[in-house]
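To start, the structure itself, in structure tokens.
The values are calculated or read from the model by the stated rules, or taken from the named source; none is laboratory data. Everything numeric here is computed off the predicted structure, so don't read it as measured data. As a convention, Cβ positions derive from the backbone with ideal geometry for all residues, glycine included, and neighbour counts pool all protein chains shown.
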Amino acid sequence: MTDHATTPGPAAHQKIDTTVPHSARIWNYWLGGKDNYPVDKEAGDAYSAVFPGIGTVARSSRAFLRRNITHLVSEAGIGQFLDIGTGLPTVDNTHEVAQRLDPRSRIVYVDHDPMVLAHARALLTSTPEGATAYVDADLSDPDRILAAAAETLDLSRPTALILSNILGHIGDHDRARAIVTRLMEGLPSGSYLSINDGSRGTDADYERAQDAYNETGAVPYFLRPVDRIAAFFEGLELLEPGVVSVPLWRPAPGSPTPEPIGEHGGLARKP
């Protein structure tokens with residue numbers, strides 16, 4: 001049976017602010033999408049003027065997620081996904097990749113942005129055998145997320161938690177780690193954690209562009225040193241090759257040797 005569910009939350013009562021740039025809309029712009037406004041294009045262009053490689057970062061992040069999901073479904077036998085910080089629908093969303101490989105896959109998306117909520121219907125297309133749902137909730141409320149996800153997912157079964165370019169919005173590292181720990185506590189043994197985020201200490205232009213963006217009044221995003229990204233996986237079983245620049249995470253066989261970028265991630269199993 002196909003589920004098309006949306007759990008309302010704080011974003012349902014917010015208005016879309018088109019006067020301040022927004023990370024999800026800028027990311028959509030960098031990926032070639034159309035769900036953005038002039039203020040987002042202006043901010044995106046200003047960012048890429050300082051760091052022209054940001055488009056590569058955006059595309060590499062999406063490709064990393066696609067390879068993660070492919071491994072999880074095809075090799076690890078995972079059929080449930082909790083994707084927090086969904087962003088605006090683009091190409092190869094989590095449910096599209098997972099359900100191409102296993103039509104029975106069940107996916108819950110979580111975000112708290114009113115524009116993402118407005119486009120949630122594009123994320124709720126599912127195969128008849130599987131299910132998709134959208135939860136309007138903030139990453140800082142993991143208990144609400146787990147409770148709402150349980151309406152669609154069987155959280156007694158292994159589930160993949162996806163945190164793609166979202167933890168950087170939580171500047172306090174200890175708080176971010178506590179949130180990840182609480183979310184993984186709500187998932188059983190055999191579950192997986194997929195994280196990728198922008199990294200500090202790898203590209204000076206990237207850091208300058210991000211620091212300038214954080215001063216625009218938009219919700220800031222903080223690049224983290226690679227060792228702090230790796231710290232999110234403590235207590236879990238990291239899959240090879242560990243926490244690496246995302247193009248280096250299991251690139252497609254026969255593809256050209258990828259160049260590392262300032263975006264690091266990994267995939268780990270809960271023992």
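General observations
- Condition met for G77 (closer than 18 Å to P220 by Cβ and among the small types (G, A, S)): no
- For the range 40-50, the criterion of being of a type in the set (K, R), on the phi < 0 side of the Ramachandran plot and at pLDDT 85 or above is met by at least one residue.
- The condition (being under 25 Å from I78 (Cβ atoms) and surrounded by 15 or more Cβ atoms within 10 Å (Cβ to Cβ)) is satisfied by just one residue among V226, V243: V243.
- For the range 129-136, the condition of being more than 14 Å from the chain's Cα centre (by Cα), of a type outside the set (F, W, Y) and within 18 Å of R25 (Cα to Cα) holds for at least one residue.
- Residue match in the range 4-16 (condition: assigned to a loop (DSSP other than H, G, I, E, B), farther than 23 Å from G55 by Cβ, modelled with pLDDT of 60 or more and out of contact with any strand residue (DSSP E or B) (no Cβ under 8 Å at 6 or more places or on another chain)): yes
- Output for the range 90-134, where each listed residue is surrounded by fewer than 16 Cβ atoms within 10 Å (Cβ to Cβ) and small (G, A, S): A118, A122
- Number of the exception - G265 against (1) in a loop (DSSP other than H, G, I, E, B); (2) under 20 Å from the mean Cα position of the chain (by Cα); (3) not hydroxyl-bearing (S, T, Y): (1)
- A count restricted to the range 165-197 and to residues that are at positive phi and crowded, with 21+ Cβ neighbours inside 10 Å stands at 1.
- Here K270 passes the criteria (1) on the phi < 0 side of the Ramachandran plot; (2) modelled with pLDDT of 95 or more; (3) loosely packed, with under 15 Cβ neighbours inside 10 Å except the one numbered (3).
- Criterion: surrounded by fewer than 18 Cβ atoms within 10 Å (Cβ to Cβ) and either closer than 23 Å to A58 by Cβ or in contact (Cβ under 8 Å) with a residue 60 or more places away in the chain (or both) - qualifying residue of T70, T86: T70
- Extreme residue, nearest to E207 (Cα to Cα), among residues of the range 30-55 that are within 20 Å of the chain's Cα centre (by Cα) and not in a helix (DSSP H, G or I): G53
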